[in-house]
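The structure under discussion appears below in the form of structure tokens.
The values are calculated or read from the model by the stated rules, or taken from the named source; none is laboratory data. None of the values given here were measured: they were computed from a predicted structure. Don't worry about glycine lacking a Cβ; one is built from the backbone with ideal geometry, like all the others, and counts go over all protein chains shown.
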Amino acid sequence: MLALGRVERAADFADRRKICSNGVMSDATLDYGKPIECDVAIVGGELAGVVAASILANKGLSVVLVDEPPVLGGRGGSIEHRGYWLDGGHRAGHDVTDFMFNWNHGEEAAREAGVEVDVKPVGAGLRIHLVPAPGSNERGAIMDAAEWTPEGFANLARRAFACPEEGLADFSVALDRISNTTPEERDAAVEVPLSDWLMGNVPNRAVHAAFLNMVKSMFSQFPERASAGRLMKLMELQVRSAEEGLMFTGFADHPEIGGVQGLFEPFVEGLERNGGRVILDHRPVAVEFDGDRAVGVVATSPAHLALRVRARHVVVAYPLWSVLPLLPAERVSDELRAMSRGLEDCATTGIGWVAGLSQMPHFGETGNVEDYDGWNRLLVGPEREFSGGFHFPSLGSRRIAPDGRHLLSCFILNWVQRGEQPHWPTLDAKLQHAKAYLHDVYPDLEECLEWQADRYIDTTPAVAAGWYWAPVKRHGLRMPGCRNLFIPSSTNEGDVGTVDGCAWAGLEVAKEILAERG
């Protein structure tokens, strides 16, 4: 059972209430007749909110965290199935999910919270499969795993990205140029689509398609729409990680809780240990103000009872589109509304296949037992069509599968704009093609299967950061024009990935609140 701090859930019957702490249930009463007073009220139980709450509680502030889902972690966490922990954004919540992530700001956040977080680095960066198109008699090809560095991508240019021999030098020049930029250059290019940047900066047109294929392998379905500035930020992070010996990609590796939920657990335990109060099963409906100062939040129980939390500082740790409905209309500028619409418009539909394995399968090319712990990207046909990828998370996380068992997760995200979501038959055809390919790669896979299931995640806005590549500027940590209101989440502007970015946002908000209090 997850340790959920001092967690209070609303019951659906009369005045019965429960407090859950380490799985022990006892009676308690929430008094809806008077506000709860605290130093910091936090809306949102996903990573940015939990990190901020855990740090502030560790520094001696009284913290109340309120959210609607019945368990902390939201979409960012995992759910248990047959003893396996499944990641992928299938849970209720507001922010985004991931499977592997970089974790550098998160280390500092853990220190400030006084907790230890286990993250196991992934040994290799990227393995690309060139998958034959449906109905083709051609054989596929599998690239040796390459590091997520400019040098690693340059080595993949000809075979994986179909760069012509005569364009290899120009490909490397373009890659070097986009990987070595100043913060000012990166910020200026955020609203520039990558296709426009290539037209203006890479004279050799034969290189353009190869460059776009490279970005597909980074998990961007429509790279021509992608923000050139976002690509610059990602490449800068890769270069800096390599130079400073930082971990670029890793798995959550909690000793008891599997998957990304294991990333939350230490922060939740720290929050509980330091007296933080968590109230779940309550839907946040409004931020209250006194003039331009945020003074609290209102949330409703399943019985529609209004709970008020009054605080000196208010934190709404949701993506921007979920923040704005909680605010009075007059406190939201037209510019911020347009930013929210631009981000929310970039949705994702996820389809996948998950399988519990009695043992790891043999890799058909060599006959060896598969031992690659990174992501395998699938690019289909001569056009290198984006088709997601697969991995074996049990090679990197101790508790994601039962002892002696393994987990295979194939996940295909469609990075689309609103109204472009494909219907199930189109998605299913792509998934079945990927499953057939996996059975070709691992000839004994069928013998290893203990159970299997297809997955379908249809959410708008994005359950995964489909908007991460969008050529739209993002917001800061403070809500403009609202004193003492902070909005940390994955939609903050920054030079980090989504999970570590959420940890960074929660950490920075905690620092600002502590600095204001002296």
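Some observations on this one:
- Candidates A210, A311, A294, filtered to the one that is outside the structural domain of N484 (by TED's automatic domain parsing), surrounded by 22 or more Cβ atoms within 10 Å (Cβ to Cβ), touching a Cys at 6+ places or on another chain (Cβ under 9 Å) and not in a loop (DSSP other than H, G, I, E, B): A210
- Qualifying positions in the stretch 123-138 - crowded, with 21+ Cβ neighbours inside 10 Å and under 30 Å from G245 (Cβ atoms): L126, I128, H129
- For G258: the one exception among (1) in a loop (DSSP other than H, G, I, E, B); (2) free of Cβ contacts under 8 Å to residues at least 24 places away in the same chain; (3) small (G, A, S): (2)
- Within this structure, A53 fails the test of being farther than 15 Å from P284 by Cβ and modelled with pLDDT of 90 or more.
- Cβ-Cβ distances below 9 Å connect the following pairs, each with a first residue in the stretch 467-494 that is under 21 Å from R186 (Cβ atoms) and of a type in the set (D, E), a second residue that is part of a helix (DSSP H, G or I) and modelled with pLDDT of 90 or more, and a separation of six or more residues or different chains: E493/D187.
- Selection within the stretch 372-402: residues that are aromatic (F, W, Y) and not in a loop (DSSP other than H, G, I, E, B). The member of this set that is farthest from the chain's Cα centre (by Cα) is F386.
- Selection within the stretch 356-371 - in a strand (DSSP E or B) and either surrounded by 20 or more Cβ atoms within 10 Å (Cβ to Cβ) or among the charged types (D, E, K, R) (or both): G356, L357
- The condition of being more than 22 Å from G501 (Cα to Cα) and modelled with pLDDT of 95 or more does not hold for L175.
- Spans of strands (runs of 3 or more DSSP E) in the stretch 24-94 with at least 1 residues among the small types (G, A, S) and touching a helix residue (DSSP H, G or I) at 6+ places or on another chain (Cβ under 8 Å): none
- Here is the figure for the stretch 163-199: residues that are aliphatic (A, V, I, L, M), under 19 Å from E224 (Cα atoms) and in contact with a Lys or Arg (Cβ under 7 Å, 6 or more places away or on another chain) total 1.
Rundown of residues vs (1) outside the structural domain of M339 (by TED's automatic domain parsing); (2) without any contact (Cβ under 8 Å) to a residue 12 or more places away in the chain; (3) touching a Pro at 6+ places or on another chain (Cβ under 8 Å), yes/no style:
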{"position": "A169", "(1), (2), (3)": "yes, yes, no"}
{"position": "E184", "(1), (2), (3)": "yes, yes, no"}
{"position": "V192", "(1), (2), (3)": "yes, no, yes"}
{"position": "V202", "(1), (2), (3)": "yes, no, no"}
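- Enumeration of residues in the stretch 403-421 that are in contact with an Asp or Glu (Cβ under 7 Å, 6 or more places away or on another chain) and in a strand (DSSP E or B): Q417
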